[in-house]
Amino acid sequence: DQQVKQNSPSLSVQEGRISILNCDYTNSMFDYFLWYKKYPAEGPTFLISISSIKDKNEDGRFTVFLNKSAKHLSLHIVPSQPGDSAVYFCAANQGAQKLVFGQGTRLTINP
Amino acid sequence: DTAVSQTPKYLVTQMGNDKSIKCEQNLGHDTMYWYKQDSKKFLKIMFSYNNKELIINETVPNRFSPKSPDKAHLNLHINSLELGDSAVYFCASSQMAGGYNEQFFGPGTRLTVL
């Protein structure tokens with residue numbers, strides 16, 4: 001039973017445009033959400049997070065939106081750059097520092 | 001200046017063997033983790049240690065035994081390796097200090113069991 005789902009395995013976006021990555025969750029007890037970025041042969045690196053008491057968090061070109069009623073969050077990257085090409089994982093915090101990850105979305109930025 | 005390091009990066013071995021993966025973090029964090037990324041690419045937590053004490057132990061076969069000699073190290077020993085153990089194993093660390101702190105991951109160890 002996958003509690004965090006990223007239903008798009010891949011996404012292709014033109015350089016300079018907006019990339020929108022989506023994530024859905026089922027457990028209403030999740031109270032903190034994170035996005036990680038992963039390059040091949042490397043470990044995931046933290047990108048941005050949001051607490052369940054907020055609906056938006058922004059950091060430079062990255063913005064995460066949380067819709068608690070829909071149990072949905074999204075990551076917006078604007079403008080998209082070639083270096084953004086990577087696999088993006090959504091994760092949810094389930095107490096005691098336990099993170100539950102989605103299966104990832106591979107983002108490709110085309111020049 | 002690696003924050004979370006794992007050795008080895010690649011490990012190829014035969015079924016039935018026993019192997020260990022080592023993890024070290026130099027971030028001064030008090031909590032360390034082991035994750036398994038299977039063929040479907042899901043990252044699933046296996047274990048978590050806080051100050052050398054086991055705090056999370058997911059449903060993992062007891063052939064897997066984590067060992068934390070100090071809070072900067074968390075090693076994973078696997079006995080009687082099986083084909084299904086083939087995966088990428090990631091170590092991570094964080095500072096648990098009451099807040100929701102992000103975890104820092106190592107580069108992963110790709111284990112292939114033949």
Examine the range B:6-16 for a residue that is in contact with a Gly (Cβ under 6 Å, 6 or more places away or on another chain), touching a residue at least 12 places away in the same chain (Cβ under 8 Å) and not basic (Lys, Arg), and state whether such a residue exists.
-> yes
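Let's see how each residue does on (1) at the interface with another protein chain (Cβ under 9 Å from one of its Cβ atoms); (2) over 18 Å from residue A:98 (Cβ atoms); (3) of a type outside the set (D, E, K, R):
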site	(1), (2), (3)
B:49	no, no, yes
B:55	yes, no, yes
B:69	no, yes, yes
B:73	no, yes, yes
B:76	no, no, yes
B:89	no, no, yes
B:110	yes, yes, no
Would you confirm whether any residue within the range A:39-54 is free of Cβ contacts under 8 Å to residues at least 24 places away in the same chain, among the polar types (S, T, N, Q) and out of contact with any Leu (no Cβ under 9 Å at 6 or more places or on another chain)?
-> yes
When the range A:26-35 is checked residue by residue, the ones that are closer than 21 Å to residue B:42 by Cβ and either in contact (Cβ under 8 Å) with a residue 60 or more places away in the chain or in contact with a His (Cβ under 8 Å, 6 or more places away or on another chain) (or both) are A:27, A:29, A:30, A:32, A:33, A:34
Which residue out of B:59, B:31 is loosely packed, with under 13 Cβ neighbours inside 10 Å and within 14 Å of chain A (Cβ to nearest Cβ)?
-> B:59
Could you list, in sequence order, all residues of the range A:1-25 that are within 20 Å of residue B:42 (Cβ to Cβ), open to solvent by 80 Å² or more (accessible area, probe 1.4 Å) and in contact (Cβ under 8 Å) with a residue 40 or more places away in the chain?
-> A:5, A:9
What number of residues within the range B:74-114 satisfy the criterion of being part of a loop (DSSP other than H, G, I, E, B) and either over 25 Å from residue A:92 (Cα atoms) or open to solvent by less than 10 Å² (accessible area, probe 1.4 Å) (or both)?
-> 9
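Per-residue answers, yes or no, for (1) touching a residue at least 12 places away in the same chain (Cβ under 8 Å); (2) among the hydroxyl-bearing types (Ser, Thr, Tyr); (3) crowded, with 23+ Cβ neighbours inside 10 Å; (4) more than 14 Å from chain B (Cβ to nearest Cβ):
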site	(1), (2), (3), (4)
A:69	no, yes, no, yes
A:84	yes, no, no, yes
A:99	yes, no, yes, no
A:103	yes, no, no, no
A:106	yes, no, no, no
A:110	yes, no, no, yes
Which one is farthest from residue B:4 (Cα to Cα) among residues in the range B:18-69 that are small (Gly, Ala, Ser) and within 13 Å of the chain's Cα centre (by Cα)?
-> B:65
What do you reckon, is residue A:59 at pLDDT 95 or above and surrounded by fewer than 17 Cβ atoms within 10 Å (Cβ to Cβ)?
-> yes
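The values are calculated or read from the model by the stated rules, or taken from the named source; none is laboratory data. Computed from a predicted structure; not experimentally measured. Cβ atoms come from the backbone with ideal geometry, glycine included; neighbour counts cover every protein chain shown. The area values use the complete protein model at the heavy-atom level, side chains included, leaving out ligands, DNA and RNA. Shrake-Rupley method; radii C 1.70, N 1.55, O 1.52, S 1.80 Å.
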